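The values are calculated or read from the model by the stated rules, or taken from the named source; none is laboratory data. All values derive from a computational prediction rather than experimental measurement. FYI the Cβ positions are ideal-geometry reconstructions off the backbone, even for glycines, and counts take in every protein chain you see. In case anyone asks, the SASA skips ligands and DNA or RNA and just uses the protein heavy atoms, side chains included. Shrake-Rupley method; radii C 1.70, N 1.55, O 1.52, S 1.80 Å.
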Amino acid sequence: MVTDTTNINIEGHAVVADIGGTNARFCRINLATFELDRIQVFACADYPTLNDVMEAYRDEQKVALEHVAIAIACPVDSDQIDMTNHHWQFSIRGVRKSMGLKTFIVLNDFAAAAMSLVTLEPHELKQIGGGKIDPKAPKAVLGAGTGLGVGHLVKMPDGRVMPLPGEGGHVDWAPTNEKEWAIHRFIANRFGRVSAERVLSGPGLETLYLALADYHGRNVVPLSAAKIGQRALSGIDTLAVETVNQFFASLGSFAGNLALTLNTYGGVYIAGGVVPKLMGLMTTSNFRARFEHKGRFCKVAEAIPCFVITAEYAGLRGVGQYLKQTLQQSKKSKL
């Protein structure tokens, strides 16, 4: 997380954004109530730079751009930002200066996803197995969309929460059976190294479809992730059904690995654009069985609940929550 500011102790409204490889979601946030309004979604491909899309939001919504916080799908560990799955590059200080901003906070998109967890209501979560959460324990969040995002949330002794962003989506993908080794070989021949993101993302779903066709010796026309999902949900394409089932089996293994990494008894939370659209097949897949298939630590995994986040614009809420906590800390430090 990087903050470039002249005066963080602000009142009134701010603008927050959640920027992925495909879409940039913007809204205005009331800094007294932290309610969101004037939500607008832009296609990143339609804008050459971040400045261009910020100006489009300002002009179309007629809002002042003074205090801005954004989450973005890439590492945020210096002034220079270079998106992983999109071409935008920028300097944080440069954007603040060129846009005339008083405050500009930039954080990783899954740091924002982690922060959103404290804002979610029970009806915005669908539990997939496991027991009850320990509210004091670490939480993990992952999400498949244009890429595969991963983050954690830990509770501090003073009651604050701290997001732990990372690039866990780029760890090696681990095959567990003969079919998955065949998939691994297919992807390795195309891309070289096989990361989890090559399988567990929208583009990964498209690659899985082709890999499974190759495994079965079938010639197929490449399909978009949306089309694969539609054909799987309707049941008209057995290869699409197998593809989605393989996706969920691999997602279960990956999510279970995250659960063991920090003993996330606070739960494992699944965000992103892919999974909520395929919920009809998730509950009948091997997702939970693979999540719990952890050998001597299966009892640990069995106890940890998984949740699919069904809330709309959770990422925006996470950015707002991070902004809120930053403001509160700033006010305390000045007392």
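What the table below lists for this structure:
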item	result
Cβ-Cβ under 6 Å pairs, at least 6 apart or on other chains, the range 222-234 side over 17 Å from PRO276 (Cβ atoms) and free of Cβ contacts under 8 Å to residues at least 24 places away in the same chain, far side small (Gly, Ala, Ser) and surrounded by 19 or more Cβ atoms within 10 Å (Cβ to Cβ)	ARG231/ALA240
Criterion violated by SER78 - all others in (1) among the small types (Gly, Ala, Ser); (2) part of a helix (DSSP H, G or I); (3) more than 18 Å from GLN321 (Cα to Cα) satisfied	(2)
Positions within the range 51-68 being at pLDDT below 95 and either closer than 20 Å to ASN108 by Cβ or acidic (Asp, Glu) (or both), in sequence order	GLU66, HIS67, VAL68
Scope the range 36-59; condition open to solvent by 20 Å² or more (accessible area, probe 1.4 Å) and hydroxyl-bearing (Ser, Thr, Tyr); matching residues	TYR47, THR49
Candidates THR84, THR33, filtered to the one that is among the hydroxyl-bearing types (Ser, Thr, Tyr) and surrounded by 15 or more Cβ atoms within 10 Å (Cβ to Cβ)	THR84
Among the residues listed as GLY272, GLY256, the single one being touching a residue at least 40 places away in the same chain (Cβ under 8 Å) and at positive phi	GLY272
Selected residue (only one of LEU200, LEU208 is in a helix (DSSP H, G or I) and crowded, with 21+ Cβ neighbours inside 10 Å)	LEU208
Residue satisfying condition, being among the aliphatic types (A, V, I, L, M) and either in contact with a Lys or Arg (Cβ under 9 Å, 6 or more places away or on another chain) or without any contact (Cβ under 8 Å) to a residue 60 or more places away in the chain (or both), within set ILE105, ILE92, ILE70, ILE39	ILE39
Yes/no for LEU205 being in contact with a Phe, Trp or Tyr (Cβ under 9 Å, 6 or more places away or on another chain) and within 21 Å of GLY272 (Cβ to Cβ)	yes
Residue among THR176, THR207, THR238 that alone is in contact with a His (Cβ under 9 Å, 6 or more places away or on another chain) and either touching a residue at least 40 places away in the same chain (Cβ under 8 Å) or farther than 24 Å from HIS293 by Cα (or both)	THR176
Pair list, Cβ < 7 Å and 6+ apart or interchain, from the range 310-327 residues that are closer than 17 Å to VAL106 by Cβ to residues that are part of a loop (DSSP other than H, G, I, E, B) and basic (Lys, Arg)	GLN325/ARG160
Yes/no for TYR322 being under 17 Å from the mean Cα position of the chain (by Cα) and not aliphatic (A, V, I, L, M)	yes
In the range 98-112, the residues that are among the polar types (S, T, N, Q) and assigned to a helix (DSSP H, G or I)	SER98
Those helices (runs of 4 or more DSSP H) lying entirely in the range 222-335 with at least 2 residues surrounded by 23 or more Cβ atoms within 10 Å (Cβ to Cβ)	225-234, 238-261, 287-292, 314-334
Among the candidates ALA196, ALA211, ALA271, residue that is of a type in the set (A, V, I, L, M, F, W, C) and at pLDDT below 95	ALA271
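Condition check ((1) in contact with a Pro (Cβ under 7 Å, 6 or more places away or on another chain); (2) in a loop (DSSP other than H, G, I, E, B); (3) open to solvent by 30 Å² or more (accessible area, probe 1.4 Å)) across all residues:
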| site | (1), (2), (3) |
| --- | --- |
| VAL118 | no, no, yes |
| HIS123 | no, no, yes |
| GLY130 | yes, yes, yes |
| LYS136 | no, yes, yes |
| LEU142 | no, no, no |
| GLY151 | yes, no, no |
